[in-house]
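The values are calculated or read from the model by the stated rules, or taken from the named source; none is laboratory data. Remember, predicted model here, so these are calculated numbers, not experimental data. In this analysis, Cβ positions are derived from the backbone assuming ideal geometry, glycine residues included, and neighbour counts consider all displayed protein chains. Quick note on the areas: whole protein, heavy atoms, side chains included, nothing else; ligands and nucleic acids left out. Shrake-Rupley method; radii C 1.70, N 1.55, O 1.52, S 1.80 Å.
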Amino acid sequence: MNDVSEPKRLREMIRILERKLGILSESELACCGITMAQCHALVEIGRARSISLNELAQLLDLKNSTMSRTVNNLVTDGLAIRDIDPQDRRYVTISLTESGVKIFKGIEEGMNMYFKKIYDFIPADKQKQVIESIEILIEAVSKNECCQ
């Protein structure tokens with residue numbers, strides 16, 4: 001049986017990590033004038049190049065209605081466009097405009113540099129261990145559907 005203090009320690013460590021990364025994310029994105037939800041959507045659309053609303057909502061673990069509002073804001077801001085499939089007019093894909101691609105590339109470049117610096121601060125003999133531990137944590141969180 002797990003010691004009660006260890007799960008609490010895990011919770012506190014994750015809260016601290018979330019805050020530290022959240023502060024970074026908000027400040028990094030402030031110049032772009034987009035919300036965190038828009039940022040995550042923009043990155044996933046940029047990586048996929050073209051994606052359906054349903055696929056995007058699944059990737060970001062959001063309800064379709066929430067995802068739709070987020071995409072609407074990206075479209076209104078001129079960062080994304082909706083394309084109707086000529087074969088099936090009910091199927092709509094989302095892609096980035098030139099402005100959206102520019103912001104996407106800036107976010108990717110900035111985040112890659114930031115996390116490279118973090119990675120470099122991890123002792124070389126622990127880097128692989130940290131990556132493996134985060135993979136295990138993500139898998140455990142994915143299996144726990146209590147909060148959804």
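Here are the numbers:
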{"read-out": "With DNA, RNA and ligands ignored, accessible area of Ile14 (1.4 Å probe; Å², nearest 10)", "value": "50"}
{"read-out": "Value of [θ]222 nm, deg cm²/dmol, for the chain, DSSP H segments ≥ 4, -39500 (n - 2.57) each, nearest 500", "value": "-23000 deg cm²/dmol"}
{"read-out": "Principal-axis tilt of helix 127-143 within the chain, Cα atoms, nearest 10 degrees", "value": "70"}
{"read-out": "For the range 7-16, 3J(HN,Hα) per residue [Karplus equation, 6.51 cos²θ - 1.76 cosθ + 1.60, θ = phi - 60°, Hz, x = Gly/Pro]", "value": "x, 5, 5, 4, 4, 5, 5, 5, 4, 5"}
{"read-out": "Contour excess over end-to-end distance, with Cα ends at Ser5 and Asn54 and 0.36 nm allotted per residue", "value": "13.7 nm"}
{"read-out": "Amide H partners (placed H, <5 Å) of Ala80, local residues excluded", "value": "Val75, Thr97"}
{"read-out": "Calculated FRET value between Ala140 and Arg19, using beta carbons and R₀ = 25 Å, to 0.05", "value": "0.75"}
{"read-out": "Contour minus Cα-Cα distance for Tyr114 and Ser95 (0.36 nm per residue)", "value": "4.2 nm"}
{"read-out": "For the chain: accessible area per residue (Å², 1.4 Å)", "value": "75"}
{"read-out": "Candidates Ser68, Ser52, Ser133, ranked by Gaussian network fluctuation over the chain, Cα under 10 Å, top entry", "value": "Ser133"}
{"read-out": "For the chain, alpha-carbon Rg over 2.2 N^0.38 Å", "value": "1.24"}
{"read-out": "Phi-based couplings in Hz for the range 57-71 (Karplus 6.51, -1.76, 1.60; Gly and Pro marked x)", "value": "4, 5, 4, 8, 6, 10, 6, 4, 5, 5, 5, 4, 5, 5, 5"}
{"read-out": "Nearest-0.05 FRET efficiency for Glu12 and Ser65, computed from C-beta distance (R0 41 Å)", "value": "0.80"}
{"read-out": "Listed residues Ala41, Ala57, Ala124, most fluctuating in the chain (Gaussian network, C-alpha, under 10 Å)", "value": "Ala124"}
